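Here is the structure we will look at, set down as structure tokens.
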Amino acid sequence: MEQVINGKMTKKLLQKTLKYYLFFSVIVMLLAAPLFYFISQFLYIDDADEELLILKKEFVTFSTPELNQTDIAVWNKWNRDLKIEKNNVQINKDTLFYQSYYNHLSKENEPYRVLNAPIAIQGKPYVFTAKINLVEKEDLIISIVLLFAFLVFILLTGLFIITKKISEKLWRPFYDTLQRIEEFEIDKNLNTKFDPCLIEEFNRLNHSINNLIERNILIYKSQREFIENAAHELQTPTAIFKGKLENILQRDDLNIEQFKLIDDLNNTTSRLVKLNKNLLILSKIESNSYTVNEKVNLKNIIENQLSFFKEQALSKKISITTELSDKIVVNSNHILAEMLISNLFLNTINHNQLNGQIFVKLTNHSITFANTGTLLPLQTEKMFERFSKSNPTSQGNGLGLSIIKKIVDTNHWNINYHYTNRMHTFEIVL
């Protein structure tokens with residue numbers, strides 16, 4: 001597919017190569033055709049001149065010694081293209097020139113090549129005139145030129161077709177490699193081995209890409225395993241730490257300053273526990289831990305979570321309005337579907353405002369969560385990246401939208417964001 005880069009339309013390598021081949025061939029043809037014509041014409045004129053000089057030589061050698069002046073009239077009568085005339089203009093040397101004569105049969109002027117040569121008959125000066133009709137020669141030249149043009153056309157057409165076919169065959173491994181790279185996703189267990197081909201440069205390219213992909217997959221797996229292991233290992237100590245903090249908060253001998261300090265530690269620990277939980281969820285999704293799909297009723301999942309999140313929204317006096325179609329069933333993992341809905345609810349509550357609104361809509365083709373919030377649209381460039389926050393002062397960990405995007409991609413759905421009428425809207429197209 002062609003693209004526009006810096007205002008210019010990109011082209012395939014094969015198209016650009018063929019364009020240069022065709023351009024060069026057309027230039028050569030335009031230069032060669034007239035050159036070929038003029039060279040052919042020069043050769044034929046030279047041949048005609050040579051033939052006229054031979055006629056003159058034969059006449060002087062064989063006819064002049066036996067020809068009398070009284071025979072000139074009879075001789076002229078029987079020779080159509082050869083004439084003997086008096087040398088009235090005192091011609092001293094052989095002269096070759098073009099001249100047209102009217103043809104009474106074809107009723108048109110025809111070009112001739114004419115020779116005027118001084119001769120002597122019985123010691124008297126005469127002019128020997130010989131002429132050759134150039135019509136046949138011109139027709140022959142034109143025929144040759146047309147044949148040349150036809151051959152050049154066949155040559156160019158054949159060159160174009162052969163080059164296109166051969167180039168497509170030669171470049172097929174490159175396009176196969178390009179397609180494999182475009183389809184490659186580091187978190188998918190896809191076969192990245194490229195088939196060997198007979199072109200050394202493409203084999204080197206494939207070998208380098210294979211090595212690069214393998215190294216990146218190893219790094220990615222190591223990072224994922226580290227995050228998963230770290231999240232698992234942190235679960236127990238953070239849970240113990242949080243439990244002890246909550247026990248300390250229950251004591252009666254704490255003063256106000258101590259209570260505030262321990263409460264801040266408890267809140268920070270809660271955020272740490274949530275961060276650890278979200279990292280573990282992302283790691284499990286990426287490692288394909290949720291592979292069992294089933295028929296999931298999205299309306300039931302939303303309604304089951306609705307009462308809980310309405311209580312969560314009371315702290316900001318947020319109203320939640322729903323418009324849910326019946327019997328919307330999708331093929332998905334049930335746990336992932338519940339995570340998706342809960343994270344969408346949490347996102348609309350956490351990034352909402354006091355006395356704000358949340359609107360939830362479910363149709364046959366989409367799930368829509370819209371909420372009031374900041375008066376400016378969110379930056380979409382890094383919206384779904386991990387630890388990316390639209391509001392740096394937010395208490396969230398920046399993983400909610402990443403989890404939503406990962407679940408949407410796992411189910412092969414699409415997610416869109418837009419800001420209209422002061423409402424931030426996330427639409428998931430099923």
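The values are calculated or read from the model by the stated rules, or taken from the named source; none is laboratory data. All figures in this text were calculated on a predicted structure; none of them were measured in a lab. With ideal geometry, Cβ positions are generated from the backbone for all residues, glycine too; neighbour counts draw on all protein chains shown.
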Exercise. Of all residues in the stretch 335-382, how many are assigned to a loop (DSSP other than H, G, I, E, B) and within 36 Å of the chain's Cα centre (by Cα)?
Worked result: 9
Seminar exercise, completed: Taking the stretch 413-430 and keeping only residues that are over 28 Å from the mean Cα position of the chain (by Cα), not in a loop (DSSP other than H, G, I, E, B) and not aromatic (Phe, Trp, Tyr), one is left with His418, Thr420, Met423, His424, Thr425, Glu427, Ile428
Seminar exercise, completed: Among Glu214, Glu168, the single one that is charged (D, E, K, R) and under 21 Å from Asn288 (Cα atoms) is Glu214
Exercise. Regarding Gly123, is this residue at positive phi and either exposed (fewer than 11 other Cβ atoms within 10 Å of the Cβ) or of a type in the set (Lys, Arg) (or both)?
Worked result: yes
Exercise. When the stretch 65-96 is examined, which residues are found to be β-branched (Val, Ile, Thr) and closer than 14 Å to Ala130 by Cβ?
Worked result: Ile84, Ile91, Thr95
Exercise. Quick check, is Leu170 at negative phi and loosely packed, with under 14 Cβ neighbours inside 10 Å?
Worked result: no
Exercise. Which of the residues that make up the stretch 299-343 are more than 18 Å from Gly356 (Cβ to Cβ) and of a type in the set (Gly, Ala, Ser)?
Worked result: Ser307, Ser325, Ser332, Ala337, Ser342
Problem set entry | Pick from the stretch 400-430, criterion out of contact with any helix residue (DSSP H, G or I) (no Cβ under 6 Å at 6 or more places or on another chain) and of a type in the set (D, E, K, R), ranking: nearest to Met383 (Cα to Cα) | Lys405
Exercise. Which of the residues belonging to the stretch 37-79 are surrounded by 11 or more Cβ atoms within 10 Å (Cβ to Cβ), more than 24 Å from Tyr98 (Cβ to Cβ) and touching a residue at least 24 places away in the same chain (Cβ under 8 Å)?
Worked result: Thr64, Leu67, Gln69, Ile72
For this session: Could you tell me whether the stretch 252-262 includes any residue that is outside any helix (DSSP H, G or I), touching a helix residue (DSSP H, G or I) at 6+ places or on another chain (Cβ under 9 Å) and either surrounded by 13 or more Cβ atoms within 10 Å (Cβ to Cβ) or not β-branched (Val, Ile, Thr) (or both)?
Result: yes
For this session: Six or more apart or on different chains, Cβ under 7 Å: which pairs go from a residue in the stretch 365-378 that's closer than 15 Å to Ser325 by Cβ to one that's surrounded by fewer than 18 Cβ atoms within 10 Å (Cβ to Cβ)? Could you list them?
Result: His365/Val429; Ser366/Glu427; Ser366/Val429; Thr368/Lys361; Thr368/Thr425; Thr368/Glu427
Problem set entry | Breaking point among (1) farther than 30 Å from Ala32 by Cα; (2) polar (S, T, N, Q); (3) surrounded by fewer than 15 Cβ atoms within 10 Å (Cβ to Cβ), for Thr157 | (1)
Problem set entry | Residue match in the stretch 95-115 (condition: in the same structural domain as Asn76 (by TED's automatic domain parsing), buried (at least 18 other Cβ atoms within 10 Å of the Cβ) and among the polar types (S, T, N, Q)) | no
Problem set entry | Tabulated pairs, the stretch 207-221, first closer than 15 Å to Glu185 by Cβ, second surrounded by 12 or more Cβ atoms within 10 Å (Cβ to Cβ) and of a type in the set (D, E, K, R), C-beta under 8 angstrom, 6+ apart or interchain | Tyr220/Asp187
Problem set entry | the stretch 81-97 - residue that is of a type outside the set (A, V, I, L, M, F, W, C) and part of a loop (DSSP other than H, G, I, E, B) and, of those, farthest from Pro125 (Cα to Cα) | Asp81
Exercise. Just to be sure, is Lys317 out of contact with any helix residue (DSSP H, G or I) (no Cβ under 7 Å at 6 or more places or on another chain) and at positive phi?
Worked result: yes
For this session: Kindly indicate the residue of the stretch 314-334 that is part of a helix (DSSP H, G or I) and of a type outside the set (A, V, I, L, M) and also farthest from the chain's Cα centre (by Cα) among those meeting that condition.
Result: Ser315
Seminar exercise, completed: Of the residues in the stretch 317-335, those that are surrounded by 15 or more Cβ atoms within 10 Å (Cβ to Cβ), at pLDDT 90 or above and out of contact with any Asp or Glu (no Cβ under 8 Å at 6 or more places or on another chain) number 3
For this session: Answer yes if at least one residue in the stretch 296-303 is among the charged types (D, E, K, R) and surrounded by 15 or more Cβ atoms within 10 Å (Cβ to Cβ), and no otherwise.
Result: yes
